[in-house]
1. Mind checking the mean number of beta-carbon atoms from other chains within 10 Å of the Cβ atoms in B:122-134?
2. Take A:Met69, A:Met27 and sort them by solvent-accessible surface of the protein heavy atoms, 1.4 Å probe, largest at the top.
3. With a point put 7 Å past each Cα toward its Cβ, work out how far B:Ala104 is from A:Ala101 in nm, to one decimal.
4. Using a label position 7 Å from Cα in the Cα→Cβ direction, what is the ascending list of nm distances from B:Thr125 to the same site in the other copies?
5. How far is it, in nm, from the label point at B:Ala56 to the one at A:Arg79 when both lie 7 Å from their Cα along the line to the Cβ?
6. What net charge do the residues around B:Leu132 carry, taking every other residue with its C-beta under 11 Å from that of B:Leu132, with Lys and Arg at +1 and Asp and Glu at -1?
7. Along Cα-to-Cβ, 7 Å out, sits the label point; list in nm, shortest first, how far the one on A:Arg66 is from those in the other copies.
8. What gaps in nm, shortest first, separate B:Ala93 from its twins in the other copies when you place the label 7 Å past Cα toward the beta carbon?
Number of protein chains: 2
Amino acid sequence: MVQEVGDLNLSVGYALKQAAAALRTAMDAGLRPLGLSVSQYSCLELLGQRPGLSAAELARGAFVTRQSMHAVLLGLEERGLLERAATAPQGRALPTQLTAAGRAALTSASRIVAAVEQRMTQTLTAGGRDRLHADLIACVAALSTDPAEAGGDNPSAALDANQSALPSDNPASALGPDSSPE
Amino acid sequence: MVQEVGDLNLSVGYALKQAAAALRTAMDAGLRPLGLSVSQYSCLELLGQRPGLSAAELARGAFVTRQSMHAVLLGLEERGLLERAATAPQGRALPTQLTAAGRAALTSASRIVAAVEQRMTQTLTAGGRDRLHADLIACVAALSTDPAEAGGDNPSAALDANQSALPSDNPASALGPDSSPE
DNA sequence: GAGCGTATGTCAGGATGCTGACATGGTGCA
DNA sequence: TGCACCATGTCAGCATCCTGACATACGCTC
């Protein structure tokens, strides 16, 4: 009854880890020419889709802690890719926005990342991609609906995929803008 | 033509990252009572399935560099969970094996991880799990069949799911994954 | 046998991310 | 009003992992 992991090659978790590692490596390699790390790109992408996000919100969206995101923000700000409000208009949250240079960098980076993602899913059908996406979201939901996982600076307490944190833009349909090239 | 990422909530890559982060967090939380990190558990699990693996082989299996695995091995060896041959029977590779304590720790850890994985996939059907697994493997294969990604200490150059390193494999599971179109 | 390429183990340094902690600003409640 | 509570920004310390480098051991070719 007490189940163990069994053959790793049959483990969904192992495959998930493997896929995430491969994706990260590919993104890293693709973004390196731009001088961007995956974390930095994630930050830019989030800001591009939702200008004015605070550091803590960005951290949740990128699955890192506030502290890590803080360091990322410092680097990007120093490079002139984003601006942070000097004073908090309300509360302590400092809204962050991309600069023109930041938007330009994001455009290049986003193209690269989209190509990587397209390459990753090239052997799947369009329906297969949606199915995989839905399965992954279901896994996230199943793991996050656990009492023990909530609270604190836990990065996994991130914005879940169809929720409030990114409300402004949810116009796209199931077959988003980047589907079915070819 | 030039595709960008589009809405993050529709991105398979984003969902993959999210799922991997959630899984890692859940595993971390589950393993903490045992005093094991995810990397340490991965190492034990690999050794349990394939005694005598070298550090470099373990590194590939756990998607980290040899150097990182080296540090993990030192820690586990110091805790008496594994033994490394003092001299290389052939080449430079030092075969590594679990001690009795290591096997005991692995049994506990494996149970915990299996429970996490089971929880993660609880909303999927058995066929859905296999499908997800197959899709993930397909993604890994698609990313790794790129010339630019090969070589060096790259952790993503790991043992792919149907290869020599874990001989007991049978990745094409019995339920017939119809989802690998090619 | 000498030379080359590759794989491995190992050390040193640095980048990244996390935990812990503290101060500040907002909110809810007695 | 006062106070507990929570979210945020930020600093300090530590763990993990990576890149770079070097030495060693094997297989291959000449």
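1. 4
2. Ranking A:Met69, A:Met27 by accessible area, largest first, yields A:Met27, A:Met69.
3. 5.9
4. For B:Thr125, the other copies' label points sit at 1.6 nm, shortest first.
5. Spacing of the two 7 Å Cα→Cβ label points: 3.4 nm.
6. On the way: positive: A:Arg131, B:Arg129, B:Arg131; negative: A:Asp135, B:Asp130, B:Asp135.
Neighbourhood net charge equals 0.
7. Relative to the other copies, A:Arg66 has label-point distances of 4.2 nm.
8. Result, one decimal in nm: 5.3.
The values are calculated or read from the model by the stated rules, or taken from the named source; none is laboratory data. Because the structure is a prediction, the values reported are computed rather than measured. Note that we place each Cβ from the backbone using ideal geometry, even for glycine, and neighbour counts take in every protein chain shown. Protein only, heavy atoms only, side chains kept; ligands, DNA and RNA dropped before computing areas. Shrake-Rupley method; radii C 1.70, N 1.55, O 1.52, S 1.80 Å.
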